[in-house]
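Everything below concerns the one structure shown next.
The values are calculated or read from the model by the stated rules, or taken from the named source; none is laboratory data. These numbers come from a predicted model, not from an experiment. Note that we place each Cβ from the backbone using ideal geometry, even for glycine, and neighbour counts take in every protein chain shown. Accessible surface is based on the protein model in full, side chains and every heavy atom, while ligands, DNA and RNA are left aside. Shrake-Rupley method; radii C 1.70, N 1.55, O 1.52, S 1.80 Å.
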Amino acid sequence: MQIPSKYDASQVESKWYNYWMKHNYFHSEPDEREPYTIVIPPPNVTGVLHMGHMLNNTIQDVLIRRARLLGKNACWVPGTDHASIATEAKVVAKLKEQGINKHDLTRDEFLKHAWDWTHEYGGVILQQLKKLGCSCDWDRTKFTMDENMSESVIQVFVDLYNKGLIYRGYRMVNWDPEAKTTLSDEEVIHEEQQGTLYYLNYKIEGSNETITIATTRPETIFGDTAICINPNDNRFSRLRGKKAIVPICNRVIPIIEDDYVDIEFGTGCLKVTPAHDENDKNLGDKHNLQVIDIFNEDASLNSFGLHYQGKDRFVVRQEIANELKEKGFLVKTETHINKVGTSERTKAIIEPRLSDQWFLKMEELAKPAIKAVLEDANVKLFPKKFESTYRHWMDNIRDWNISRQLLWGQQIPAYYYADGKEDFVVAQNIDEALEKARIKTGNSKLQAANLKQDPDTLDTWFSSWLWPISVFDGIRNPENKDISYYYPTNDLVTGPDILFFWVARMIIAGYEYQGKQPFSNVYLTGLVRDKQRQKMSKQLGNSPDALKLIEQYSADGVRVGLLLSSAAGNDLMFDELLCQQGKGFGNKIWNAYRLVNGWEIDASITQPESNEIAIAWYQAKFQKALIELEDHFSKYRLSDALMTIYKLIFDDFCSWLLEMIKPEFGKPIDKHTYNSIIDIFEDNLKIIHPFMPFLTEDIWHYIKDRSPQEALIISKWPETKPVNQSLIPEFELASEVISGIRNIRKQKHIPFKETISFSVINNENTSHTFDSIIAKLGNLESVNYVSEAIEGALTFRVKSNEYFIPIQGAIDVEAEIKKLTDELQYTQGFLKSVQNKLSNERFVNNAPEEVVASEKKKEADALAKIETLKTSLASLK
């Protein structure tokens, strides 16, 4: 079949993706084959394709496509996450544009808007992944708010509550004033920021004396309910039992003593604000202090803030500092560096806040997950270095705050039948709740209308942690055929930033609800950074448009570009030139097939010996590469695997093999060689297909007409077989000889069409296997073996072998003698500098072993080169 002169990626990619979809190659059902399963880290339903997604999903697609070629029943489950905070923020913003306030809507009205938005805009990223070539089982696409997925989440909540692991508590939580919800500790990012330390004077009641307090948050003085001193600090012994007056609000508060206070920090005195600091809350509980919450949910001040009511906390901070100064309470200020908690999602500065929330006890649940990774290795992390991070998080695990003050998400299945904090039942639905409430209250006349469901929703991660189980309906039906066949899954590909958020929690859920790990291997990708090593992000404006990259460089080119420098766990320094290199590699393969496809075949010609040797050599190289690939894939070194294939096809196949066997211009090729080259080409396509699926499938069908059952995507990965491995080192020497001949031709302007004489002193006793190939690629009359140097010949050396090309044509002998003499003098000078270094005992004794070895090699190479130059000069003279 005639192949076009140029590869048109845009047409090819849509053509073959539609073909794969039409023939259902991505779909999997349980059968007798070995399963290979990956569940996609579900991107936010609000998301669009960015560089991190491109890298992560390219890696997953490489793994899943290779598994298909290995004959496994490959199942890659796609889906999206409802991303409660991000999605609700987008819906609220859209409503605001329409002049609608969220708080003016009922829950059901808001959820209708949220579902409308999700149906209109959600899932765009899954369509974009198809452009990248992702071969997900789209029939299995899941959304964490699907009815069956939500039922699983509610069922788990009820189960854990019944086990005594979920409880409701009044605790200090992380409050996001922008999203107006609590966050778990893991969703808070602590950043160093430069702030100000304010030194304030508090008057002592009944005297003119004052006590100085240092604080970074002067606006919180309205919530002060005590001053604390260290009982061992003699500086303040006179204040024991006395009271102080809070500036501006004039509240009288006790001076208490506790050794929690750091004598060395600030002034040694601490203002205690139990409502707005976790440590202050602990002090307050211990000393039975009043708790005064001064903030509204948006972090503006409430009525306790007096004349600052309704103003934002940071506005108040500046204004109250001015007032304190004017009234003589502010002694001084200092710049101060401290760590500030920010919301991982909205970037807002977190406000510690006391609130009734739902928590999950984690300590016992975490134990099997710790054992699975750190003791039994049932789950392996790649790279292994992340085990220490995992250990740190798991050893310091805290109860998980799982409730969120949002509307979008699974509503907590707690139903209140009265106004008391404990007057509730937990049930999977209203009917079950009513039955439980009637039993608990002894009131058989209680009606569903009397029950009020908790308004909070569950943390999005509380649905995501069930993902490898719930996508196969393993919570509701723990022994169904899908969960029994596909679980545990094989590989998880994700980022180290969610190692605890998601990975660790999935392992915990896996052991709790299936009794085994959810996956066997976790491949942790690095961050995608630009050439200046900055993380790529929309905010910095340094992240290229993913779809435009595909349009410019092709999907295959972008996939190759991303993986060429993406070692597991190491950050990727992205450069568009890598995508250009990937596109160029695709063109190289395309043109290689065009070359082969253009040859005329003559069945009557006997296969030349040189072609037989060349093919045997490449088969040895191919088998060696197959073994290397198996090792690379087993260690998740996909970048190394790609580079192995790249070098094999670009260098060994295109640059060497095709040159070795191609017929003379205008002449046909023998049928045996042609068929062997096609077989080799097909094997090459198989191993590069996981990385470059579109180009390879296209060429595969140009080679010959194929039925849907013969498509490359479902063909068979090449098998290892015995070959003559000695051909590999033999050709390495032969290739240096060929390069030596070509260099002399180039330097001496000897046309390639001109046949030349060639002789060798075979000091290495090398095999003659590749002589016919050396003769062909060097256009030699023959390869002559001699015992003495050829007079009047140009020479070069490979190892200890000397090669001779007699001078022919109009070579300027005097100019050649001058050139060689200059080169000899330079090399002798270089040798002297190396030998001076090696004769220095201090250098030899102190330099690293590899550095000394490198210098010794330089010395040996220089000596050999000097010998060759002297021989060449002698021949010319």
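The charge dipole of the chain, taken about its Cα centre with unit charges on the Cβ atoms of Lys, Arg (+1), Asp and Glu (-1) only, comes to about 1060 debye. Restricting attention to the range 592-669, lysine pairs at least eight places apart or on different chains and with alpha-carbon atoms under 19 angstrom apart total 4. Rolling a 1.4 Å probe over the protein heavy atoms of the range 363-466, with every protein chain left in place, gives an accessible area that is 48 percent carbon and sulfur. Coordinate range of the alpha-carbon atoms in the range 478-613 per principal axis, descending: 70, 46, 26 Å. Among 699-705, 141-147, sorting by the average number of other beta carbon atoms lying within 10 angstrom of each residue, highest first, gives 141-147, 699-705. For the range 703-839, just say rounded, prolate or oblate: build the C-alpha gyration tensor, square-root its eigenvalues into a ≥ b ≥ c, call rounded for a/c under 1.5, and beyond that prolate if a/b exceeds b/c, oblate if not. Since a/c reaches 1.5 and a/b is larger than b/c, the shape of the range 703-839 is classed as prolate. You can think of it this way: the chain between L105 and I807 has 243.3 nm of extra reach, that is 0.36 nm per residue less the Cα-Cα gap. When the P(r) is computed for the chain, the part past 39 Å accounts for 58% of the Cα-Cα pairs. Computed over the chain, the per-residue total of -39500 (n - 2.57) for DSSP H runs of n ≥ 4 gives a 222 nm mean residue ellipticity of -13000 deg cm²/dmol, rounded to 500.
Output the pairs from K6/K588; K94/K311; K347/K452 with a Cα-Cα distance over 22 Å in this structure; if there are none, say none. Where the Cα-Cα span goes over 22 Å, the pairs concerned are K94/K311; K347/K452. Contact order, relative form, for the chain: 12 percent (alpha carbon pairs under 8 Å, 6 or more residues apart, mean separation divided by residue count). Working note: Debye formula, equal point scatterers on the alpha-carbon atoms of the range 11-160, no solvent; log10 I(q)/I(0) at q = 0.12, 0.16, 0.21 Å⁻¹ is -0.63, -0.97, -1.31.
By a 1.4 Å probe calculation restricted to protein chains, T80 has an accessible surface near 10 Å², given to the nearest 10. Ordering 110-119, 415-424, 553-562 by mean Cβ neighbour count within 10 Å, with the highest value first, yields 553-562, 110-119, 415-424. Based on protein heavy atoms only, the chain ends up with 46 Å² per residue of surface accessible to a 1.4 Å probe.
Restriction of the GluC sites (Glu not before Pro) in the range 818-877 to DSSP coil positions whose beta-carbon has at most 14 other beta-carbons within 10 angstrom yields no sites. Accessible surface of the range 721-835, 1.4 Å probe: 52 percent of it comes from carbon and sulfur atoms. Carbon-plus-sulfur accessible fraction, the range 41-146 (probe radius 1.4 Å, protein heavy atoms only): 51%. Beta bridges from DSSP with both residues in the chain: antiparallel share about 70 percent, rounded to the nearest 5.
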